[in-house]
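Input: a single structure, listed below in structure tokens.
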Amino acid sequence: MKLHFTTTHQDHRVALLAALAITIHIIESAFPSPLPGIKPGLANVVTLFTFMMYGWKTALQVSLLRVIISSLLLGTFLSPTFLLSLCGALLSLSSLILVQLPFRLLPAKIDHQPGAIGYAIIASISHMSGQFLMAWYFFIPHPGLFKLLPIFITFAVILGIVSGIITQLTISQLTSKQIQRSHLRPDI
Amino acid sequence: MTSIKGLILFKPADIIILISAGLLTLWLYSVFWFDNSQQGEADRLLLQFADNDAIEYPLNKEQIITIKGRLGPALIEIKQGKARFIHSSCRNQFCVFHGWLTIAGDTTACLPNRISISLKGSANDYDAIAGAQ
């Protein structure tokens, strides 16, 4: 008996983006970090890109797939690292949704929405705070840990701007050129 | 609006978000690094020997506690809401040289003698910001 799966355009797109995010995530985890807990978070560029181009549902799929599959590949599934990663990913995506919500309700005549940089800063700050609170609550419940929070948030803002610029450049490349016929073609 | 080759990088909302992120960061620095008012008043001393349960002493009563450690007796003085080791039977005397413990969260341990003391405030430990210095 043969199994038949009918895959849609959307499935292909999710698979493509998730594969990209997983690859970036794994390459990035091979590099040593100057400070524990601080990583460029380039895999989040893919999440943010997905969020801005295809909406939050696709972004949620891509983001969950990335966290679960890359942790399986790295051998950290269900470990503290995995929990931190999952918590950060979910929190950053939900804050993106929350920020976008009021703009969706506004009349769409004028585009008031933040660009990639604004979203990236929000995502990276909430990713960092999510991981930080998780680490503090479950692993190191010591009030002294909060002395590190300002440093972490400073780096989150800086790295957020960097990944926002990368995302914006990617989006403008993709929307302007030959990508119109591939799986990454926007629906709009 | 800043742009690279006609590409808009910063939209107005981005600048608002960037400024608020900067303010948030500054606020975090001011709260967690430069605000010492939250470093709670301590009101009791916890004294622990080896694996025994910690014993609590109020800080408002001046007294000198004698406790027998693994190597010998240690004397701990409580005075004016502060506490310190004044004598210990260990070799290095780190615990004595540490001096006064003054704010909630301050801790000194004499490892050879297996005695540790720390100050606690009335507030819930995990809600207070009580880093040393």
Condition first: at pLDDT below 90, among the hydrophobic types (A, V, I, L, M, F, W, C) and touching a helix residue (DSSP H, G or I) at 6+ places or on another chain (Cβ under 9 Å). Now tell me which residues in the stretch B:32-75 satisfy that.
B:F32, B:W33
Would it be correct to say that B:N92 is under 18 Å from B:D106 (Cα atoms) and among the polar types (S, T, N, Q)?
no
So for the stretch A:107-114 (the condition being within 12 Å of another protein chain (Cβ to nearest Cβ) and buried (at least 23 other Cβ atoms within 10 Å of the Cβ)), does at least one residue qualify?
yes
Taking the condition closer than 23 Å to A:Q10 by Cα and assigned to a helix (DSSP H, G or I), does A:L65 pass?
yes
List pairs: first residue in the stretch A:1-25 and surrounded by fewer than 13 Cβ atoms within 10 Å (Cβ to Cβ), second residue assigned to a loop (DSSP other than H, G, I, E, B) anywhere in the structure, Cβ distance under 6 angstrom, at least six positions apart or on different chains.
none
Is it true that some residue in the stretch A:46-55 is surrounded by 14 or more Cβ atoms within 10 Å (Cβ to Cβ), modelled with pLDDT of 85 or more, over 20 Å from A:I171 (Cα atoms) and not aromatic (F, W, Y)?
no
Filter the helices (runs of 4 or more DSSP H) completely within the stretch A:76-179 down to those with at least 3 residues that are out of contact with any Phe, Trp or Tyr (no Cβ under 9 Å at 6 or more places or on another chain), closer than 28 Å to B:V31 by Cβ and among the β-branched types (V, I, T).
A:116-134, A:149-176
Note down all Cβ pairs under 6 Å where the first residue falls in the stretch A:124-143 and is facing another protein chain (nearest Cβ under 9 Å), the second is part of a helix (DSSP H, G or I) and at pLDDT below 85, and they're at least six residues apart or on different chains.
A:W136/A:L145
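The values are calculated or read from the model by the stated rules, or taken from the named source; none is laboratory data. This structure is a prediction, so every number in the text was calculated from the model and none was measured. Methodologically, a virtual Cβ is constructed for each residue, glycine included, from the backbone with ideal geometry; neighbour enumeration extends over all protein chains shown.
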